[in-house]
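The values are calculated or read from the model by the stated rules, or taken from the named source; none is laboratory data. Remember, it's a predicted structure, so these values are computed and weren't measured experimentally. Reconstructed Cβ throughout: ideal geometry from the backbone, glycine too, with neighbour counts over all protein chains shown. Surface areas here come from the heavy atoms of the whole protein model, side chains and all, with no ligands, DNA or RNA. Shrake-Rupley method; radii C 1.70, N 1.55, O 1.52, S 1.80 Å.
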Amino acid sequence: MASEQIGYRGPTACAAAGITYRQLDYWARTGLVEPSVRPAYGSGTQRLYSFRDVVVLKIVKRFLDTGVSLQNIRTAVQHLRERGFRDLERMTLMSDGATVYECTSPDEVHALLQGGQGIFGIAVGVVWRDVESALSQLHGERIDTGETLVGRNPADELARRRNRAV
C-alpha cells in the first residue's frame, strides 16, 4: 500500500521520530509540525500524521539535539512547507547553529564549509530511511477506512489477531 494512504497516530509518530508526546503536542499546537492527514478537533480526537510529517518531526528533533534554536527550526520548516516538501529525500539540510540552509548540490555544501565555522548537516535521505524502518515495525492506519495496519514485523501475535478481527 502506498505510504500516502497511511496515517500514523501520535504515539507511533513519537516512537518513529524519537520525541516525547509532550513535544509532539506542543509542536502541533504551535504550528511547527501539524498533522497533515487529520488534525485534532477538540478532546478525544486523534491526530493523524503522514509519513512526510514524521520525517519532518525527526529532522526537527535532530536540529534541536545539536542546539539549533526552535525559532530557526521554525523558519526552516516553513521553507520546506512552502516547497511542498518536494524532493525531501534528496535534500541535505545544513546549519551553523544560527541558520538552517537547504543544499541540493555538493557545490552548495562545499561553499558552506568554506566559511570556516562549524556546520552540522542532515542528509534527509538517511532520516527518510530511518523513519521508513521504524514505521515498518509500528502500527499505521488506512486513511480511507481507518483500518489499523500492523507493521511488517509485528511485535506480537495478539496484535495480528486483533487486526484480523477488525
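Okay, here's what the table says:
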| quantity | calculated |
| --- | --- |
| The chain, relative contact order [Cα under 8 Å, separation at least 6], % | 23 percent |
| Using alpha-carbon coordinates, inclination of helix 70-82 to the longest axis of the chain, degrees | 70 degrees |
| Whether segment 1-64 is rounded, prolate or oblate, judged on the alpha carbon gyration tensor where a/c under 1.5 counts as rounded | oblate |
| Gained length - Ala123 relative to Thr45, 0.36 nm times residue gap less alpha-carbon distance | 24.7 nm |
| With DNA, RNA and ligands ignored, accessible area of Thr145 (1.4 Å probe; Å², nearest 10) | 90 Å² |
| Per-residue [θ]222 nm for the chain (sum of -39500 (n - 2.57) over DSSP H runs n ≥ 4, rounded to 500) | -13500 deg cm²/dmol |
| Entry for Rg and Dmax of the Cα atoms in Å (calculated from the structure that is shown) out of (1) 37.9, 107; (2) 17.1, 60; (3) 20.4, 71 | (2) |
| Exposed-site-free run, longest, the chain (rule: trypsin sites (Lys or Arg not before Pro); DSSP loop; at most 14 other C-beta within 10 Å) | 1-82 |
| Carbon/sulfur fraction of accessible area - the chain, other protein chains in place, 1.4 Å, % | 49 percent |
| Cα-based shape type of segment 32-76, given that a ≥ b ≥ c are square roots of the gyration tensor eigenvalues and the cut on a/c is 1.5 | prolate |
| Separation in nanometres of the label points that stand 7 Å from Cα toward Cβ, at Thr75 and Asp144 | 4.3 nm |
